[in-house]
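**Student:** Handing you this structure, nothing more for now.
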Amino acid sequence: MPNAEKLNENLAKLEELTQRLVAAMSHKKPINPALEGPGPDLAMRATTAYMTELMRNPGKLMEQQVEFWGKSLKNYIDTQTALTAGHLTAPPFDDDSLKKDRRFSNPLWDTHPYFNYIKRQYQLNAKALTETVDHIDGIDPKERQRIAYFTRQIVDMFSPTNFLSTNPDALEKAVQTDGASLVRGLENLVADIEANDGDLLVTLADKNAFEVGKNLGVTEGSVVYRNRLFELIQYAPTTETVHETPLIIFPPWINKFYILDLKEKNSLVKWIVDQGITLYVVSWVNPDESYSDVGLADYIDEGYLTAIDQVKEICGVKQVNAIGYCIAGTTLSLTLALMKKRNDKSIKSATLFTTLTDFSDQGEFGVFLTDDFVDGIEEQVNRDGILDSYFMSRTFSFLRSNDLIYGPAIRSYMMGEAPPAFDLLYWNGDSTNLPGRMAVEYLRWLCQRDEFAKGQVRLFGETLKLKDVTVPVCAIACETDHIAAWKASYAGVQQMGSRSKTFILSESGHIAGIVNPPSKKKYGHYLNANMKLPADEWLAGAEYKEGSWWGEWGRWLASRSGKQVPARHPDDSSHKVLCDAPGTYVLARPNP
């Protein structure tokens with residue numbers, strides 16, 4: 001039986017927290033409506049296309065409607081029968097696509113007539129909506145992709161698990177705790193809204209469980225150079241000798257570099273150092289509005305070219321190897337094309353992690369690259385000087401909304417659970433701002449207009465083309481990457497002018513496919529030396545290898561890293577050590 005005293009006490013707390021919630025939400029700042037989702041024009045075009053299709057082919061759409069209503073009626077009758085009998089009398093007709101859906105793992109979804117009815121009707125509704133979009137003809141493919149994407153967002157948002165009255169897990173816990181779980185959940189909700197000035201951003205990980213430099217990003221090293229865009233970290237050797245050619249990692253400035261150095265057992269940074277490589281990592285600044293006029297040219301000149309020159313000077317070498325991850329791989333490719341024009345041979349080989357250089361296929365991210373959305377971004381950055389990390393974080397989260405939005409919200413706000421101590425989710429929430437000019441240039445020039453693949457990018461008085469990337473290239477793409485689709489990555493590498501091109505396809509996604517240490521033996525990879533084949537044929541003929549691609553790539557890199565020389569230490573050169581790794585730039589939070 002419920003404890004009446006505790007129940008009344010918790011109800012009183014809920015009333016107090018509700019007042020705090022209303023006050024916190026009043027602080028929300030106005031945001032450009034274009035960044036909040038599709039405008040009414042998209043809905044109007046979808047409606048017009050639907051009505052046109054209805055008039056042109058009424059039988060097809062009426063057949064779908066009759067099927068939907070027939071199954072809905074059967075679901076209702078089955079539920080009435082089950083309620084009369086006191087148990088389910090008909091087997092569920094669950095949609096195959098939802099049978100393994102973790103959201104419906106509670107046994108009550110299959111055994112209780114009320115919850116079973118809700119789940120089955122949700123499945124019917126979801127299927128009807130998605131099939132309606134799939135069967136609309138006479139609409140631009142990109143428009144169809146956007147309509148399908150936002151339809152899926154609506155379907156996910158209205159999942160019965162997202163509402164207290166139709167979530168058996170949350171209801172069971174509320175009863176078991178005399179409402180205490182709901183109080184804790186509302187406390188979590190109010191805390192998140194207060195921490196974000198009225199905006200709702202779910203806390204994904206326990207912020208007190210991690211500290212960069214203490215239990216994240218702890219590989220030993222030193223900052224040996226700093227300018228307004230980056231700090232250069234040189235890592236301490238763990239071998240007596242190292243390869244002569246050093247390696248620089250350029251991580252994406254959309255996120256922070258320590259994704260490659262979360263902890264020792266899955267740190268790519270530590271693994272590379274242990275292979276006898278002198279390793280440098282660029283740690284980008286987290287820009288504020290004073291960086292509003294910083295563009296791609298500045299990142300190339302003050303970032304890439306400066307870092308390369310500094311490493312060459314510190315190590316006393318003429319060439320370095322380089323890695324670019326995601327947007328940093330795209331910009332590394334632009335840098336390589338520029339260096340070709342200048343006859344600069346400072347880069348010996350390049351490795352590209354989940355990198356797009358041909359944007360003709362924008363994948364799932366393409367729904368955010370239409371003019372209405374980018375126009376909204378341009379208007380916002382012209383006003384603020386930066387693209388606030390809030391927008392980037394939220395946009396990427398909606399590509400995996402059930403995992404990064406609704407699931408965490410349910411656990412935190414309905415179940416009253418504390419955020420987990422999960423290093424990857426902590427990093428995911430430690431996002432960065434983007435300079436306004438750079439953000440617009442990247443979106444307009446590369447993503448929208450595909451100017452690099454078309455040979456139309458103009459920088460430093462040069463026209464940069466993919467075929468001007470002529471150094472040996474090794475590209476690693478990820479099979480289920482939602483941000484940089486592997487086939488698009490493959491297409492870009494195919495167009496490069498290098499005579500030595502290697503393509504590795506890792507299992508899993510944008511992060512897990514890259515941060516995949518050999519010790520875990522988790523995700524395998526595919527290899528095929530024939531890069532003249534179309535992507536599907538390349539994969540069909542590829543050799544599958546179990547385990548991480550790190551070893552394969554390590555051997556590729558070693559063959560291009562020269563002879564062994566005595567290990568280099570950060571304090572060996574004339575460059576003064578400025579501070580210990582991970583440095584100071586990585587510690588800056590976008591919204592202190």
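**Student:** Looking only at segment 334-352, count how many residues are touching a strand residue (DSSP E or B) at 6+ places or on another chain (Cβ under 7 Å) and either hydroxyl-bearing (Ser, Thr, Tyr) or within 19 Å of residue 269 (Cα to Cα) (or both). Show your work before the answer.
**Tutor:** We begin by selecting, within segment 334-352, every residue touching a strand residue (DSSP E or B) at 6+ places or on another chain (Cβ under 7 Å); these are 334, 336-339, 341, 346-352.
Next cut, either hydroxyl-bearing (Ser, Thr, Tyr) or within 19 Å of residue 269 (Cα to Cα) (or both) only: 346, 349-352.
Matching residues across segment 334-352 total 5.
**Student:** Which numbered condition trips up residue 439, out of (1) at pLDDT 85 or above; (2) part of a helix (DSSP H, G or I); (3) open to solvent by 20 Å² or more (accessible area, probe 1.4 Å)?
**Tutor:** Among (1) at pLDDT 85 or above; (2) part of a helix (DSSP H, G or I); (3) open to solvent by 20 Å² or more (accessible area, probe 1.4 Å), residue 439 violates only (3).
**Student:** Scan segment 199-211 and tell me whether some residue there is touching an Asp or Glu at 6+ places or on another chain (Cβ under 6 Å), in a loop (DSSP other than H, G, I, E, B) and among the polar types (S, T, N, Q).
**Tutor:** Yes, segment 199-211 contains a residue that is touching an Asp or Glu at 6+ places or on another chain (Cβ under 6 Å), in a loop (DSSP other than H, G, I, E, B) and among the polar types (S, T, N, Q).
**Student:** In segment 311-339, which residues are part of a helix (DSSP H, G or I), crowded, with 20+ Cβ neighbours inside 10 Å and not β-branched (Val, Ile, Thr)? Please lay out each step first, then the result.
**Tutor:** Filtering segment 311-339 for residues part of a helix (DSSP H, G or I) gives 311-315, 327-339.
Subset that is crowded, with 20+ Cβ neighbours inside 10 Å: 311, 314-315, 327-339.
Hits for segment 311-339 are 315, 328, 329, 332, 333, 334, 336, 337, 338, 339.
**Student:** What is the residue count in segment 385-419 for residues that are open to solvent by 60 Å² or more (accessible area, probe 1.4 Å) and over 14 Å from the mean Cα position of the chain (by Cα)?
**Tutor:** Residues that pass the stated criteria total 3.
**Student:** So, in segment 266-300, how many residues would count as being aromatic (Phe, Trp, Tyr), closer than 30 Å to residue 388 by Cβ and either open to solvent by 10 Å² or more (accessible area, probe 1.4 Å) or assigned to a strand (DSSP E or B) (or both)?
**Tutor:** Here is the first cut: in segment 266-300, the residues aromatic (Phe, Trp, Tyr) are 271, 280, 284, 291, 299.
Narrowing further to those that are closer than 30 Å to residue 388 by Cβ: 280, 284, 291, 299.
Now narrow it down to the ones that are either open to solvent by 10 Å² or more (accessible area, probe 1.4 Å) or assigned to a strand (DSSP E or B) (or both): 280, 284, 291.
Of the residues in that region, 3 qualify.
**Student:** What do you reckon, is residue 304 outside any helix (DSSP H, G or I), without any contact (Cβ under 8 Å) to a residue 60 or more places away in the chain and either more than 19 Å from residue 585 (Cβ to Cβ) or hydroxyl-bearing (Ser, Thr, Tyr) (or both)? Lay out the reasoning, then the answer.
**Tutor:** Details: outside any helix (DSSP H, G or I): no; without any contact (Cβ under 8 Å) to a residue 60 or more places away in the chain: yes; either more than 19 Å from residue 585 (Cβ to Cβ) or hydroxyl-bearing (Ser, Thr, Tyr) (or both): yes.
Taking the combined requirement at face value, the residue does not satisfy it.
**Student:** Here's a check for you: in segment 420-436, which residue that is in a helix (DSSP H, G or I) and over 30 Å from residue 378 (Cβ atoms) is most open to solvent (accessible area, probe 1.4 Å)? It would help to see each step written out before you state the result.
**Tutor:** The first filter runs over segment 420-436 and keeps only residues in a helix (DSSP H, G or I), leaving 423-428, 436.
Next, only the ones that are over 30 Å from residue 378 (Cβ atoms) stay: 423-426.
Working: 423: 12, 424: 58, 425: 33, 426: 31 Å².
Going through the qualifying residues, I end up with 424.
The values are calculated or read from the model by the stated rules, or taken from the named source; none is laboratory data. Model, not experiment: these values are computed from the prediction. Positions of Cβ are backbone-derived with ideal geometry, glycine not excepted, and every protein chain shown enters the neighbour counts. When the accessible area is computed, the model is the full protein with side chains, heavy atoms only, and any ligands, DNA or RNA have been set aside. Shrake-Rupley method; radii C 1.70, N 1.55, O 1.52, S 1.80 Å.
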